[in-house]
Structure formats: structure tokens, C-alpha cells
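J.: Encoded as C-alpha cells, here's the structure I'll be asking about.
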Ligand code: TEU
Ligand code: CA
């Protein structure tokens, strides 16, 4: 299919989305939790950076078993974050600045405190019984009741994904935690209720949704046992039977028809545990009628052993990263799909600590390198709060008591139990927490060098400890006078985003060409636009802490170098060999 100009250009492709993690953004009433009023007060900060859409992680009413990803009322705000009136004000202030809001849609499961679930569990014949997934126990040889199959709980793999409910003597499916019962999407009433919630916010002025684990809404209805892949574990990963399940595409098409097609909305589906191109294109192909784009996990899973849990560690190298980027840049272009660009969010450690080098000498260059890469690739760009400052992981000296995430605490408790007498194993597990816990990106935003980094009042204890480096790494410092000799990470991001917008034909929409897939030190590529006044750009990123001689490919006709992750004036050649400094990244203009 030939994509015409109007079909090609969409606001949701060109916008820059800034993800806010509400609990950690800014506390305005001194209860130690970020709030909606805090977000509203920082819109100019977000706008000045160059973002134009704000995605809020969940602020709905919730007991916070999983930080709001357990919703107790989809049409109300949790009092700790504010009120519906606060959200209306936020939307109003966003629109005043020509910005938009997208909400997190968490509808694979609800909180166990949602009234739908209280009704459902109250009796076998309650009209909402069938809104969740209830099954009779299976009985073992001794006649004891057991869960209906062998699926493991995702956030506590030593437990079953099924939770027994005394009242009616049945199990309910709870893939993530017992506090997050899975909705039964087979029931049309459930789907209608979800559509109703979606209309509610879209009518209120919300411009789209990030859809939480939207690819697990359809389960194989025979609920078969999963293959035993972890023989030392009782419960097994059941992905095969619920990730991109049998009716997922049907449900997404229906949602599109009933709701999304009536608005010009941004939709991004979170889809872990899926890699197959065909499967992904079915959801995000331009004619699919499902979602605008999804979050593909290839980059954030790059250091994870395939098929194993998030805390498993696989060593990776630059070639792996290049091949993933290359694959999806090419695939989406060739198969007329659309993709998101992200390397950080509330479920992952900080990118500067993970993909580059967060030590003082290199942190800024590394963060800029990641900014330059993301700002020049094709797709819709997502920036996670603090990424624009190059915030890093929490120090390894912090003890387990500083980690608040249910996934981390469950993992650590189990690990301690399993390996209490094996110091080496213990250290290994702790090392995984230090590298990969979700808590690293959930620490309070670092606004200033005042106590608690200005996140809350000095006399208040924030819900989570502020990273120790806040006096050195904070927004106030990075927003200081724009000194061309010392460009802060924030200023660099600002330039990158402005540049991306000014040259959207090449960066947002352009063709990607990888230069030298086998070079394991330098990631270099061309981006070329397709319109009348088409442009070509070259990006060269030294992905090492060493000086590297890099030769500009002969076929590339360089004009000039325009951006550099290393401060100061450099006389860089446009022909032949450049000696790249550690973590030096360059952007240059080429002749076509
Ligand atoms: O995350 C889905 C999810 O499973 C992963 O991103 C998760 O962090 C990790 O891979 C598990 O090992 C979404 C939300 O983003 C996350 O914050 C929620 O905890 C989760 O769904 C449940 O709602
Ligand atoms: Ca507050």
C-alpha cells in the first residue's frame, strides 16, 4: 500500500511523550507523595524540554498494592493524588499550552478492592461472578484442593497464579499478585464496562491511552498446564497461554470500533513476552484497526535471559543493541507499521546506569548519547521523568529496606529463603536488585539541591528515599544559564528534541540505514527523509569508554557536524578518520 502524505503524518507519531510517575514527581501538600497539583505546576518545565504529551502512570483510586496498577475505581482519583477537579485543571492547563494528556488504562485486572470484585466474590450466583476468572479446585492424590493449573504468579514465582477464596471455595486467576484479580474478557459485559471507562476519560479531554499489559487480556480457555521449563519450581511460566491469546486481536478491534475510532487518540499497548513480527504487525500495521503502536520489550529485555524472569542476567554487547534497533526500524518501514521509542520507564532501571556508564566522568556524555540516539530514530518518542536529567540508579550501599516495589521485595524475600546458607548466591541476587529493580526509576524527581531534592518539604519524609546524588544531579542546576561550553544533559535533550521536530521528515519518519553492523564499538547510521526537500543525516555513537578511531564511510558525503555529546569546540574532519572520545556521539548533515 502506498502511504499518502495525509495518512503518513499523524500528531501521535510526531509528538514527544513525557511519562510522569505521579507518586514521585512533586509533592505540593506535604504528605510525602507526589500529586496532580504538582504535575500541573511543572507543565512549563515539560513544555520547555520539548515534550507535548504527558502520560500519567495510574492516579485512579487504588490501595496501591502495585503502585496504582491495581485500580479500585476507574472513574475516580486516589485522594493521595487529588481530585477529579485537579485532573480537569491539569487538562485545562495542558490544553492552554497546546499539550495533551494520556492516561494509563489498566484493564487486564482490577484491584481486589474494586466493587466489581467484591460483588464477584460474594457468591456463586452474583451477577458479577463471571466478571472474573473463577475455577473449581483440582484435587491431588491425597484429595487436597489445588489450583486449577500450574501457572506461576508473575510477581511471586514461588506461588500459583490462582488465589483461593474461602467464601465460595473456588480459585480466581491473579496473574500478577492476589491483589490484582484478572478480569474475564470473554464476558461481553466486562468489555462494555471497559469501553465505558474509556469514553469517560476521552470525553473529559484525555487524548489517548497507554494500555497496561493489554496483550494478556485473552487467555486460552481450557487453561492448560504450562510446559515445565523450570524443573526446580512448582509453578511454571504460563505466557504461552495468555500472552497474545486467542481472542486478543478480536478484542482490540472491537475496542477500536466501539471507542477509539470515534476520537483522534494516541494508543500504545504494552506487550511483554511477544517477539514475532507477524503477531506484532497484526496489532500495529497501519490497516490493522487495533493500536497505533506498542511497547516492544527487545531493548529493555536485552540483559535478561530469554524466557526467564526480569532478575536473570544476560551479558549483552553493542552488536545486540544495533541488531534490535535495526530490526524494528526496518520492519516497521517495510511492513507499514508504527513503533514507539523508549529505553526507560517505571518498570526498568535508569538507562544511564544500564546501557552506558553512570560514573561521574561519563554520566553526562552517556546520557547525551542515549538522547541523541532516541531523538534521531523513527517512531514515537517517550521520555521518562528524570531521563532528561540523566538520573542514575540508587547507590549499591542502600539496604533492602529502601526498596518498596512488590516485585523487588517478593524476589528478595524468596531469594533469601532459598539461599540463606550460600553467600555467593545471596550476593548474586542482591546484585540483580542493584542492577535491575524497578525502584531505581521510582525515586523522587530531583528538582533542586534543597533537602529531598525539592520533591517535598524539608520536614516531610518522602514515600521513597531520594537518590543520594541530588545535590549534584538536579533540574535547577541543569536549567542554569545556557553555557555552550558546558551543555547540561537537560539542555542537550532540549536541543535534540527541537532538532527532531524541525527535521521530522528525516528523524520521525525517515529511512534508517545501519552502517557497519559488525563494528562492536561504534553505532553509526544514516537517517534520510523522503519529502521534496529531503535531507540526510549521519549519527555516530562511540559506545565505549575508550578513544576509538572511526572512519567516515567513503560513500557518505558529509557537509558538517552539528551536535556533539562532548562539550567544547572541536574541529572535526568531514572526511577520513575521526578519533572519537569516550562516549562521544555526533550528529552531522550529509549531502544526499
Ligand atoms: O507491567 C507489565 C510487566 O509485566 C512488566 O513490565 C513488568 O514490570 C516486568 O516485566 C515483570 O517482570 C505493567 C506495569 O507497567 C507494571 O508497573 C505493573 O506492575 C504490571 O503491568 C501489572 O499491572
Ligand atoms: Ca502530596
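J.: State which residue is modelled with the lowest pLDDT when the search covers only the range 287-319 and only residues that are out of contact with any strand residue (DSSP E or B) (no Cβ under 7 Å at 6 or more places or on another chain) and farther than 19 Å from residue 349 by Cα.
T.: 307
Listed here are the residues, each with its yes/no results for (1) closer than 26 Å to residue 116 by Cα; (2) in contact (Cβ under 8 Å) with a residue 40 or more places away in the chain; (3) surrounded by fewer than 24 Cβ atoms within 10 Å (Cβ to Cβ).
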site	(1), (2), (3)
12	no, yes, yes
30	no, yes, yes
35	no, yes, no
45	no, yes, yes
53	no, yes, yes
73	yes, yes, yes
85	yes, no, yes
91	no, yes, yes
96	no, no, yes
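J.: Taking residue 560 and the conditions (1) in contact with a strand residue (DSSP E or B) (Cβ under 7 Å, 6 or more places away or on another chain); (2) surrounded by 13 or more Cβ atoms within 10 Å (Cβ to Cβ); (3) more than 15 Å from residue 523 (Cα to Cα), which numbered condition does it fall short on, given that it satisfies the others?
T.: Unmet condition: (2).
J.: Then there is this: Could you list, ordered by first residue, the pairs with Cβ atoms under 6 Å in which the first is in the range 316-332 and more than 25 Å from residue 435 (Cβ to Cβ) and the second is in a helix (DSSP H, G or I) and modelled with pLDDT of 95 or more, at least 6 apart or interchain?
T.: 331/277
J.: Next up: Within the group 180, 233, which residue is outside any strand (DSSP E or B), in contact (Cβ under 8 Å) with a residue 40 or more places away in the chain, surrounded by 14 or more Cβ atoms within 10 Å (Cβ to Cβ) and out of contact with any helix residue (DSSP H, G or I) (no Cβ under 8 Å at 6 or more places or on another chain)?
T.: One residue alone meets the criteria, 180.
J.: Continuing with this model, one more query. Is the range 394-402 home to any residue that is buried (at least 24 other Cβ atoms within 10 Å of the Cβ) and in contact (Cβ under 8 Å) with a residue 60 or more places away in the chain?
T.: Yes - at least one qualifying residue is present in the range 394-402.
J.: Return the only residue of 350, 314 being within 16 Å of ligand 1 (Cβ to nearest atom) and under 15 Å from residue 391 (Cβ atoms).
T.: 350
J.: Quick one: is residue 123 touching a strand residue (DSSP E or B) at 6+ places or on another chain (Cβ under 8 Å) and either under 24 Å from residue 265 (Cα atoms) or touching a residue at least 12 places away in the same chain (Cβ under 8 Å) (or both)?
T.: no
J.: Here are 57, 62: which of them is touching a strand residue (DSSP E or B) at 6+ places or on another chain (Cβ under 6 Å) and within 16 Å of ligand 1 (Cβ to nearest atom)?
T.: One residue alone meets the criteria, 57.
The values are calculated or read from the model by the stated rules, or taken from the named source; none is laboratory data. Quick caveat: nothing in here was measured; it's all calculated off a predicted structure. Reconstructed Cβ throughout: ideal geometry from the backbone, glycine too, with neighbour counts over all protein chains shown.
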